[in-house]
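Below: one structure, written as C-alpha cells.
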Amino acid sequence: MKVGVVVWTEGTTVKFRIRDRVLVERGQLLKVDVDYAKFILRVFDFKPESLLTQAEIARLSKKKEAGEDVEIYDKGLRLYDTALATIICQIDIEGNVHGPTTVPPLFSEVETLNKNDLEQLRLDTGDLPIGYIRVGHKVSEAVVALDGAKTIPHHILVCGVTGAGKSNLGKVLAYSIMRTKGKYSLVLFDCESEYFQGASPTQLGLVHAPESEEYLLYVTPRVQEPCKLKVTITYKGAEVERRVEAYPLVIGYDQLRPEDFTLTGEFTHPQEELLWLVYKLRKRDWLNFLLEAPPDTIYRFVRKLAAKNTINTLKRKIKHLLGSGDVFLEDAPDFNTFDAIVGAVMRGCVVLIDIPYATEGEEKLLATAVARRIFDTYEKLRKHAPEDWEKLPYALVAVEEAHRYLSKTSLTSTGELKENIFSIISKRGRKYRVGALYITQMPGELIEPVIRQSLTKIILPLPTKPDYTKVIEYSPYLDEASQEIKTLDRGEALVISPPSGIRFAVPIKVFSYEEIVGKRLSEEISVKYTPARKIKRFKPLKKIKEEAVVLS
Ligand SMILES: Nc1ncnc2c1ncn2[C@@H]1O[C@H](COP(=O)(O)OP(=O)(O)OP(=O)(O)O)[C@@H](O)[C@H]1O
Ligand SMILES: [Mg+2]
C-alpha cells in the first residue's frame with residue numbers, strides 16, 4: 001500500500017508526506033522501491049508542514065474554538081503531515097542486504113512492506129526464534145530468530161520495566177534452546193517460581209513443553225533426592241504426563257571453595273587473603289571454622305596475620321552469603337548438585353534453578369558458584385582438551401536483576417569494578433563459548449562495558465529516561481529510537497543483534513509463550529498422547545505426584 005511521497009532526505013533520514021487518511025505509526029517499517037535499490041525505512045517521528053501565516057493560524061483556531069467550520073483555502077498545498085524515518089538498510093537488485101550508502105530520490109513513493117520484502121530482510125535465518133516482526137502495533141507473520149552460536153558468546157541484554165515481558169521472553173528463549181536438542185544450554189535462576197509451571201494457573205511453564213522430558217534439569221527444594229519428577233498437566237480437559245529430571249537444591253559446605261565467595265565481588269583484598277589463609281590451614285572444615293570459631297581463636301590461629309576487624313567483617317559477610325540454611329547446609333546429603341548442573345550444561349540442557357525462598361546473599365553465592373564452575377570447566381577443556389571443548393554446546397547463563405551484580409555502586413574507590421564472575425564472563429566468556437544473558441529493569445544502573453559488550457539487545461518497554469538513554473548511548477543502530485522505546489506495549493520490543501546479522505533496530509512482538517507452547521500441547525493431545533508409551537523410557541528413582549496444573 002502506498003503511504004506517502006519522499007519530500008526531503010538528509011544523511012540517513014527521509015522525510016515523507018503522508019497520504020490523506022492513511023495511518024502511519026511510529027516504529028513502522030516501510031520501503032521505497034526504486035530502479036537501483038530498495039530502501040527499508042523505520043518511522044521515528046512526525047512533523048506537520050505548514051505554510052500558513054501566524055495570522056491565519058490565529059484566525060482559524062479562533063474560529064474553531066467558537067465552534068465554526070474551518071475551511072483552509074488550498075489546504076493540500078499549504079498544510080500536510082509528514083513523517084521522519086531512518087533508512088535502516090538497502091537491498092540491492094540481487095537481493096543482498098547492505099547498510100545504506102545512498103538515499104532515495106525526492107518524490108519517490110513510500111509503501112508498506114509485503115511478505116516478500118520481509119523475507120528479503122532474512123531475519124529468520126537464526127536457530128533461536130523469539131518473535132514476529134511488528135508493523136506499528138500490528139504483528140506480521142515474519143519470524144525473527146537469533147543465531148545462537150554467534151549470539152551467545154557475545155552476550156544478550158534484555159531490559160524492560162516490570163510487567164514488560166522479560167520472563168515471557170526468558171521462557172521463549174529457553175523453549176527455543178530446548179528445541180535445538182542439545183546445541184545450546186541455558187542456566188536460569190528463578191526467584192519467583194514462575195518458570196517451571198507458570199506463575200498462575202492460566203500460564204504455562206517449561207514443563208509444558210514436550211522437550212522438557214529430555215532437555216530440562218529442574219533443581220528445586222521440592223525434591224529430596226535426584227529423581228524423575230512426574231508432573232500431570234491438565235490442558236483443555238486432557239491429561240498429559242511429563243517426567244522431568246529433578247535434583248534437590250542443597251549444597252554442603254564441603255562443596256564450597258574460597259573462589260565461590262571471592263568471585264561474588266563482595267570482599268576486599270585483606271578479607272580475600274584471610275579466606276585463603278584459613279582454607280589452606282584448615283582444609284575440609286575451613287568454612288565451619290570461620291563461621292563458628294570466636295574471632296580471638298581465629299586471630300591466634302592465623303598467627304595474627306589478619307586484623308581483628310577483618311575477621312569480624314569476613315564472618316559477617318560469609319554469614320550473609322550463606323543465608324538462612326535452606327540452600328547451603330553444613331551437613332548436606334551426599335550428592336553433588338553442582339556436578340549435576342555442569343553435567344546438564346555440557347549435555348545442552350536448560351537448567352532451571354528454583355530459588356523461591358533464597359535470601360539475596362544465598363542467591364548471589366549460588367549464582368556465582370554455578371557460573372564459576374561452568375566458566376572454569378569450559379576454560380579448562382578449551383586449554384587441555386580442545387577437541388572435546390569443540391563439541392560442547394554454547395552455554396548461556398542468565399542473570400536476573402543484572403544491575404545488582406554489575407552496577408556502578410560496586411565500583412571500587414579507584415573506579416574499577418571489583419572483579420566478579422559475571423564481569424569475567426562478560427570480558428572473557430567469548431573465547432570459551434560461555435555467554436551471559438543480562439536481564440534488568442534498570443539498565444541505567446549497569447556499568448557501561450556490560451552494555452557495550454552485550455552485542456545483542458532486546459529492549460522491551462522502558463519508559464524511564466536514564467534507562468533508555470544509557471542503552472541508546474552505548475548501542476549502534478538505536479540513535480532515533482528513544483520515542484519508540486517509550487511507547488512500546490507489553491511484549492513489544494526492539495532487537496539489534498549484529499552477530500546474528502541484525503544490523504538495525506527491528507521492531508518485534510515477542511512470541512507469547514502460552515500461545516506457542518499451548519499450540520504444541522494441543523497438537524500433542526490431538527494425536528492421542530499415550531503416556532504409558534513414554535514412561536517406559538525412564539526408570540524413575542522416586543515418584544512424586546505433582547498437583548495437576550489446571551488451565552482455563
Ligand atoms: N509477548 C507477549 N505476548 C503476550 N503476553 C505477554 C507477552 N509478554 C508478556 N506477556 C504477559 O504480560 C504479563 C507480564 O509479563 P512478564 O511476567 O513476562 O513481565 P516481566 O517483565 O517479567 O515482569 P517483572 O519485572 O514483574 O518480572 C504476563 O501475564 C505475560 O503473560
Ligand atoms: Mg519477570
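The values are calculated or read from the model by the stated rules, or taken from the named source; none is laboratory data. Small disclaimer: the values here were computed from a predicted structure and weren't measured. With ideal geometry, Cβ positions are generated from the backbone for all residues, glycine too; neighbour counts draw on all protein chains shown.
Provide a single number: the residues in segment 234-249 that are assigned to a loop (DSSP other than H, G, I, E, B) and surrounded by fewer than 20 Cβ atoms within 10 Å (Cβ to Cβ).
2
Among the residues of segment 24-54, which ones are within 27 Å of the chain's Cα centre (by Cα), in a strand (DSSP E or B) and surrounded by fewer than 21 Cβ atoms within 10 Å (Cβ to Cβ)?
Scanning segment 24-54 gives a single hit, Phe44.
From Ser185, Ser200, grab the single residue that is crowded, with 18+ Cβ neighbours inside 10 Å and closer than 29 Å to Arg243 by Cα.
The unique qualifying residue is Ser185.
I'd like the residue in segment 91-120 that is among the β-branched types (Val, Ile, Thr) and out of contact with any Ser or Thr (no Cβ under 8 Å at 6 or more places or on another chain) and, out of all such residues, is modelled with the lowest pLDDT. Step through it out loud before you land on a result.
First, pick out the residues of segment 91-120 that are among the β-branched types (Val, Ile, Thr): 91, 93, 97, 101-103, 110, 112.
Next cut, out of contact with any Ser or Thr (no Cβ under 8 Å at 6 or more places or on another chain) only: 91, 93, 97, 101-102, 110, 112.
Details: Ile91: 91, Ile93: 88, Val97: 84, Thr101: 88, Thr102: 90, Val110: 96, Thr112: 92.
That would be Val97.
Out of segment 441-462, which residues are in contact (Cβ under 8 Å) with a residue 60 or more places away in the chain and small (Gly, Ala, Ser)?
Residue satisfying the conditions is Ser454 alone.
Where residues in segment 384-421 are within 16 Å of ligand 2 (Cβ to nearest atom) and out of contact with any Cys (no Cβ under 7 Å at 6 or more places or on another chain), which of them is modelled with the highest pLDDT? It would help to see each step written out before you state the result.
First pass over segment 384-421, keeping only residues within 16 Å of ligand 2 (Cβ to nearest atom): 398-404.
Of the ones still in play, those that are also out of contact with any Cys (no Cβ under 7 Å at 6 or more places or on another chain) are 398-399, 401-404.
Details: Ala398: 94, Val399: 87, Glu401: 80, Ala402: 74, His403: 76, Arg404: 76.
In this case the residue turns out to be Ala398.
So, Glu109, is that one surrounded by fewer than 22 Cβ atoms within 10 Å (Cβ to Cβ), in contact (Cβ under 8 Å) with a residue 40 or more places away in the chain and either within 30 Å of Ala395 (Cβ to Cβ) or not aromatic (Phe, Trp, Tyr) (or both) or not?
Judged against the criteria, Glu109 is a match.
Does Leu322 satisfy the criteria of being surrounded by 15 or more Cβ atoms within 10 Å (Cβ to Cβ), hydrophobic (A, V, I, L, M, F, W, C), in contact with a Gly (Cβ under 8 Å, 6 or more places away or on another chain) and in contact (Cβ under 8 Å) with a residue 12 or more places away in the chain?
Spelling it out, Leu322 is indeed surrounded by 15 or more Cβ atoms within 10 Å (Cβ to Cβ), hydrophobic (A, V, I, L, M, F, W, C), in contact with a Gly (Cβ under 8 Å, 6 or more places away or on another chain) and in contact (Cβ under 8 Å) with a residue 12 or more places away in the chain.
Does segment 423-437 contain any residue that is within 22 Å of Leu169 (Cβ to Cβ) and without any contact (Cβ under 8 Å) to a residue 24 or more places away in the chain?
Checking segment 423-437: not a single residue is within 22 Å of Leu169 (Cβ to Cβ) and without any contact (Cβ under 8 Å) to a residue 24 or more places away in the chain.
Just to be sure I understand the filter: pairs with C-beta atoms under 9 Å, separated by 6 or more residues or on different chains, first member in segment 157-184 and within 20 Å of Ile374 (Cβ to Cβ), second member basic (Lys, Arg). Which pairs pass?
Cβ pairs passing all conditions: Leu157/Lys457; Val158/Lys166; Val158/Lys457; Ile177/Lys183; Gly182/Arg347.
Taking segment 164-198 only, how many residues are within 15 Å of ligand 1 (Cβ to nearest atom) and either under 25 Å from Pro210 (Cβ atoms) or over 14 Å from the mean Cα position of the chain (by Cα) (or both)?
Number of matching residues: 23.
Applying the selection to segment 160-175, what residues are more than 10 Å from ligand 2 (Cβ to nearest atom) and part of a loop (DSSP other than H, G, I, E, B)?
Correct list: Val161 only.
Please determine, by comparing only the residues of segment 436-450 that are buried (at least 24 other Cβ atoms within 10 Å of the Cβ) and in a helix (DSSP H, G or I), which one is farthest from ligand 1 (Cβ to nearest atom).
Here the answer is Val450.
What tally of residues in segment 498-516 results from selecting those that are within 16 Å of ligand 2 (Cβ to nearest atom) and surrounded by fewer than 19 Cβ atoms within 10 Å (Cβ to Cβ)?
The number of residues fulfilling the criteria is 2.
Check Lys519 against each of (1) touching a helix residue (DSSP H, G or I) at 6+ places or on another chain (Cβ under 9 Å); (2) modelled with pLDDT of 85 or more; (3) assigned to a helix (DSSP H, G or I) and name the one condition it does not meet.
(1)
Residues checked against (1) among the hydroxyl-bearing types (Ser, Thr, Tyr); (2) part of a strand (DSSP E or B); (3) within 16 Å of ligand 2 (Cβ to nearest atom):
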residue: Val70; (1), (2), (3): no, no, no
residue: Ala85; (1), (2), (3): no, yes, no
residue: Cys89; (1), (2), (3): no, yes, no
residue: Glu111; (1), (2), (3): no, yes, no
residue: Asn116; (1), (2), (3): no, no, no
residue: Gly131; (1), (2), (3): no, yes, no
residue: Val143; (1), (2), (3): no, yes, no
residue: Val158; (1), (2), (3): no, yes, yes
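When the residues of segment 176-205 are narrowed to those that are within 14 Å of ligand 2 (Cβ to nearest atom) and aliphatic (A, V, I, L, M), which ends up modelled with the highest pLDDT?
The selected residue is Leu188.
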